[in-house]
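Trainee: One structure follows; several queries about it will come next.
The values are calculated or read from the model by the stated rules, or taken from the named source; none is laboratory data. This is a predicted model, so every value here is computed, not measured. FYI the Cβ positions are ideal-geometry reconstructions off the backbone, even for glycines, and counts take in every protein chain you see.
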Amino acid sequence: MSTSAHTSPEQHPGPSRYEARCRALLRAYPHSWRREREAEILGVLLAMQNDDGGSTGTSPGGSRRQTPSWGVQADLIAGGVQARWERGWSFLPASIRDRVAVLATVLGAAACTVIVVFGEVAWPWLYPVAGDSLAPPLVQSPLIVVYGWWLLALISVLAGRATLARGFLAAAAVTSVILSATVFIFTAAPLAVAAALATIGRLPTGRSVRGWMAAAYILLTGALMLTQRTDDYGMSLQWSPAGALYQMGPGSALQDLSVGVVGVALVTGLLALAFRRSWVPAIVVTVVPYLYLGYFARYGGVQNGLVVSMLPVLLTAVVLLAVAGAVWRKHRLTITLAATPPTSISTPGQETRRS
Amino acid sequence: MASPEMREPTFLLLTALAEQPQHGYALIQEVEHLSHGRVRLKPGTLYGALDRLVGEGLIAQSGEEVVEGRLRRYYTLTTDGVSTLERETGRLQANVNAAATRLRARGATA
């Protein structure tokens, strides 16, 4: 495409109210971006104003707009803010920014889910004595607003709405900063950083994010398990029913056993993630031990005797073995199908599935 | 990290550029036409996507002109862009073929 000039820009009449408004909105973009692109995007905006048959820049009656529609104005402001933010991180390669965004998103979403489900709802019920002191009821925590933004972002990502998810993440970052003066800083600050980092790159959407979410849950569970013995403040206790067993007394054999069960859950979850790339078994093996061990902490323990206390542990082990067996069978089937020529495994009228 | 699935607006943008280079406003109209009015890109979204696709090497600027005092910059698919669009089209085509086969089989057995 050669460069040509049908009409000089200088011959165009003075800026209309519409154009002046567009130029004002474009100030949302960084100066370097405007130097490269302002004339170009302004041409698009002015063409949209003149397009009577279009639907993006004209008023409902088809007359020329005096100002861009509210949707276009919001889109320009959001685009400008995003361009400023991304240019600030342009020293990092795009592939690195994308990976950072993915990790920050799934770890933040996993942490918020664990906090809400286990820390704020399940654990205070499962372990009421410590719950009264460490985990306030959900409605009393201002951070519930931040958790809500994160969960909405997670739902948006899973639904394939990456742009909407970035909006929720930006809201989570701003809300975390605002609330950081009044809430537990060691919760608000990491969530603010994670939300900010989640917006520096592209987010995966739909099916591809599920494996990452499963990995994040497993990593978080592992971190809680590893820190519960050294965390004097009790954060890992608050977020993990299994961590409550720590309060049953140092040196307890049941305590060590419970940690071992969580460890088995982690290994099984990682196997499920590696072989199946499916989030369901990973989530199951992460959640089920938590619930059993939480039940164990509330209703079992040394008061009810070793046999009663061992039942939930044994049930957990059965569930883990069943899931591991199912994963292993599926993995072996996948290997067999992949290694066998299609002609030798397909028979007329019989369908062969690959997974 | 596995390559993420291509989102529909990205697919439509690359498709709009498959035949010939296009400028920004033409891309908005083409995407709306290709999606039968379902996807209407706004300018901020369009230029965010163009920046990203240029950065990924899937499209490139191919020239510019001034029409009625307005700058038009044209974009074209790169070789990587063509192969990416072909790959995504093949994936979608395979899904469509599989769905059509199953639906025909369902109709035959019903």
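Trainee: If you check A:17, A:21, which single one turns out to be closer than 20 Å to residue A:65 by Cβ, at pLDDT below 90 and more than 7 Å from chain B (Cβ to nearest Cβ)?
Mentor: Unique residue meeting the criteria: A:17.
Trainee: For the range A:91-162, which helices (runs of 4 or more DSSP H) that fit wholly inside it have 2 or more residues that are of a type in the set (A, V, I, L, M) and at pLDDT 85 or above?
Mentor: So the answer is A:94-114, A:144-158.
Trainee: Further question: Kindly list, by first and then second residue, each pair from a residue in the range A:100-113 that is within 17 Å of residue A:189 (Cα to Cα) to a residue that is in a helix (DSSP H, G or I) and hydroxyl-bearing (Ser, Thr, Tyr), limited to pairs with Cβ atoms under 8 Å and residues at least 6 apart or on different chains.
Mentor: As it stands, the answer is A:110/A:217; A:112/A:147; A:113/A:217, since those pairs meet every condition given.
Trainee: Looking only at the range A:83-119, count how many residues are among the polar types (S, T, N, Q) and within 12 Å of the chain's Cα centre (by Cα).
Mentor: So the answer is 2.
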